[in-house]
Each structure stands twice: as structure tokens, then as C-alpha cells.
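Asks: Below is one structure. I have some questions about it.
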Amino acid sequence: MTAPRRSLLLGTATLPLFAIRAQAQSAVNITIASSHPVQNYWVSNMKNVFQPEVEKFLRDNGNTHRINWREAYGGTLYRFQDTMEAVRDNITDIGYVGTLWEGSTMPLQNVTYFTPFATGDHGLVANTFERMNETVPAIRQNWESLNMIPLSSFITDTYHIWSTFPVRSLDDLRNRKISAPGTSANWLTGTGATPVDGALTTYYTDIQTGVSEGALSFFVGILPTRVYEVAKYITKCDVGAMYVGGIAVNRQRYGRYPEPVRNALTAAGKISTQKHIEDVTARVAASEAEMVQKGAIISTLPAAERERWIRGLPNIARTWVDSSGPAARDVLNAYFAAIRAAGQTPGRNWDREVAA
């Protein structure tokens, strides 16, 4: 057989093999969406970590399925008030669910907001909720009852004070108006400050126009708002890192996906949590440096004043337990057990006060 003839036969023989391989790889359509744009660091994780990790898992484990992503980021399908409903009702297959906006339907997941000064370690908070979403029956059942399966855990870095005036002691907050929306308003009880409702998107204008004189916030979230331009005093007081929800998948849709795809979603979700922790850590350092470079003045609230703040708070954890159902105590105990197991000492032992 001549060389050209042999090459021709070999070439035609390989074509069916490629065809068979291509036919064996089935496509799975998945809509992934969020209420916020990709510039938001939670959503950036979905686009730039979660999706690529799903695809990588499938390639590394048989390569029999591929995902056709239908992206709907930036609120094109729903608003931030509807993140839970969007995943629950399968408006999207996968989405960021903001549990911080679901005080009535997902109260147990909001334990961090009712236990300020528990821990400022955002990595610990994220990893704790990774476990609690799987191991605390009431939390797992709550996700299931809302037709969702959590895949990752997102958090904020710890909260501090941005203000138009220096804060050297708790007395400096007396008769001051501080933007602290929702549950965070409770954190100012006993300080003499007046909480003002608002959001990250309103802080700059509110402070600039005198509606408020500062805000309770966290480095990563507040950096894009440039609040440091109108409230140049940043007082580190480590109120605590907060769990805010995470990537979730519609439970019925998840059950219909092929097993390799289900495994890929689960694995990618866990990686997303760890990458999120790393990303937040890096962003905190970068945000602080940028604010200082642009004129912000950073100080730390003296330990005695911080302790005075903590002790002056009412028992807001008990209020949360009393209004969040019989499983709230179990969630509170599990959360604080995880903090102590990590070798940390909570700023206030909310769990023990509730049990007393």
C-alpha cells in the first residue's frame, strides 16, 4: 500500500471515532442568574469561579456532558427582593439567594445578624455555614421546603464605622445619626446613636446631605460607593462578619440533571466558597489600602470602649430565638460551638445568655 493510500484510509478511519465521541457528550441547559451585576463580588464568584469549575469537573470526570449556560446577571430576571422566589419558583435554575433579605422565610440563616461581635473571621463564618446547611436539620429542611439546595456560602467581611467625625470613644456616637439599615440598626442600641435606614447605594448621598453622619458597613461592600470621600474617618470596631446566603439551585431541576452534572454543581459550589473566602481576604486589604491612599483616616476603637458597646447591647439574640421557631436555639448553639471549636472566643456569649 502506498503512503498516500495508507494516510487516506487512516484519516477516514478516525472520523467515526470523533463523531461517536461528540455524540456521547450531551448538552444540559442551565439558566444562572442574579439580582446584582457581575461587578458585585458575590456575583463575580458565580461567573468567574462557579461556572468554570462546573465545566472543569465535567471535563475531568468523563466529559460526557457539557453545560449550555443561559446567563441572566444584573437583575434582568428579578430584583434583589426576589432572589429566593426566583430560585424556588424556577424563574432561574441557579441563582444567588440573599438570605439576609429573607428574615421571615429564612430566619435561621440570619443568626449572624442577631449575634454581633461573635466573630469577625469571615472565613470561619463561611465554613461554618457550609457545614450547618448540611448538618443542622432545621436549616436543611428550610432550604428543602423552599424547593432549593444550597451550593455555596457567601459572607461579608467584618463591620466597622465610617463617619464624618472621629470616634475615639462610645460617647462620640451619642446623638449622631448613623446609617444602619434593617437588623444592623439593633447594633447601635445603647450607643446613643440614632440608626438611619438606607443601603449601600444611598449612603454617599445621605451623608453628603446630612441625612446621616456615617454608616455601619464593611470594607469590601462600601469601597465602590466611595463613602470615604464624605466620611473620611474609619473606626475599626469589628462588629462581626455576616452570612448573606449563597449560590442555590432549584431542587426539582437539580433532581432532573444527570448524576455527573449534579456532582459537578456540588463540587463547584464547595470550591466557590473557598475561593470566595480568599477573594474577600484580598479585597479587604486592597480596599483599606485604597481608602487610606485617597485620604481616609483609620483608627481602632479602644478595647475598653468596644467592650462597653458589647455589654450595653440588649439581648437581641433572645429576641431572635423567640421569634424564629423552636429550632433557633439549636442553630444558635451550633453556630457558637463552631466558633469555639475554631479556638476563638466570642465577644459576647449570646448562646449562653439565651440558655440561662
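Asks: Considering only Cα-Cα distances, which of the following residue pairs are longer than 24 Å: Lys47/Lys236; Lys47/Lys232; Lys232/Lys275; Lys56/Lys270; Lys47/Lys275? Before the final figure, lay out each step's value.
Replies: Numbers: Lys47/Lys236 32 Å; Lys47/Lys232 33 Å; Lys232/Lys275 31 Å; Lys56/Lys270 14 Å; Lys47/Lys275 12 Å.
Exceeds cut-off: Lys47/Lys236; Lys47/Lys232; Lys232/Lys275.
Asks: Rounded to two decimal places and with Rh computed the Kirkwood way over Cα pairs, what is Rg over Rh for region 240-335?
Replies: Working: Rg = 20.4 Å, Rh = 18.3 Å.
My calculation puts Rg/Rh at 1.12.
Asks: Next question. Calculated from DSSP H runs of 4 or more alone, at -39500 (n - 2.57) each and per residue, what is the 222 nm mean residue ellipticity of the chain, nearest 500?
Replies: Calculated from helices alone, the mean residue ellipticity at 222 nm is -13500 deg cm²/dmol.
Asks: Right, here's the next one. Diagonalise the Cα gyration tensor of region 110-177 and give the resulting equivalent ellipsoid semi-axes, square root of 5 times each eigenvalue, largest first, whole Å. Please report the intermediate quantities before stating the final value.
Replies: Numbers: eigenvalues 238, 32, 21 Å².
Semi-axes from the Cα gyration tensor: 35, 13, 10 Å.
Asks: May I pose another question? Rounded to the nearest 10 degrees, what's the angle between the helix 259-293 long axis and the longest principal axis of the chain, both from Cα atoms, 0 to 90?
Replies: Orientation of helix 259-293: about 40 degrees from the principal axis.
Asks: Where does the longest stretch of the chain lie that holds no trypsin sites (Lys or Arg not before Pro) found in a DSSP loop with 14 or fewer other Cβ atoms within 10 Å?
Replies: Working: sites that count: Arg79, Arg168, Arg174, Arg226, Lys294.
Excluding the exposed sites themselves, the longest stretch runs over 80-167.
Asks: Right, next: How long are the semi-axes of the equivalent ellipsoid of region 175-246, defined as square roots of 5 times the Cα gyration tensor eigenvalues? Whole Å, largest first. All intermediate terms of the calculation are to be shown ahead of the outcome.
Replies: Numbers: eigenvalues 58, 51, 27 Å².
Here the semi-axes work out to 17, 16, 12 Å.
Asks: Helix 3-24 versus the longest principal axis of the chain: what is the Cα-based angle in degrees, 0 to 90, to the nearest 10?
Replies: For 3-24 against the chain, the angle is about 40 degrees.
Asks: Roughly speaking, what is the centre-to-centre gap between region 80-111 and region 167-206 when only Cα atoms are used, to the nearest Å?
Replies: What the calculation gives is 26 Å, centre to centre.
Asks: Along each of the three principal axes of the Cα atoms of the chain, give the extent in whole Å, ordering the values from largest to smallest.
Replies: 96, 48, 38
Asks: Another question, if that's okay. What is the angle, in °, between the Cα long axis of helix 51-60 and the longest principal axis of the Cα atoms in the chain? Nearest 10 is fine, range 0 to 90.
Replies: 40
Asks: Over the Cα atoms of region 155-314, each weighted equally, I'd like the Debye log10 I(q)/I(0) at q = 0.08, 0.11, 0.13 Å⁻¹, rounded to two decimals.
Replies: -0.30, -0.51, -0.66
Asks: On to the next question. Send over the semi-axes of region 282-356's equivalent ellipsoid, whole angstrom and largest first, taken as the square roots of 5 times the C-alpha gyration tensor eigenvalues. Provide the component values of the computation, followed by the final result.
Replies: Details: eigenvalues 207, 52, 33 Å².
The equivalent ellipsoid of region 282-356 has semi-axes of 32, 16, 13 Å.
Asks: Now for a separate question. Quick one: of the DSSP bridges fully inside the chain, what percent are antiparallel, nearest 5? Don't skip to the answer; put the middle values down first.
Replies: Working: 18 of 36 bridges.
About 50 percent, rounded to the nearest 5.
Laboratory data are not the source of any read-out in this text; all were calculated from the coordinates shown. Since we're looking at a predicted model, the values are computed, not measured. So basically every Cβ, Gly included, is an ideal-geometry build from the backbone, and we count neighbours across all protein chains shown.
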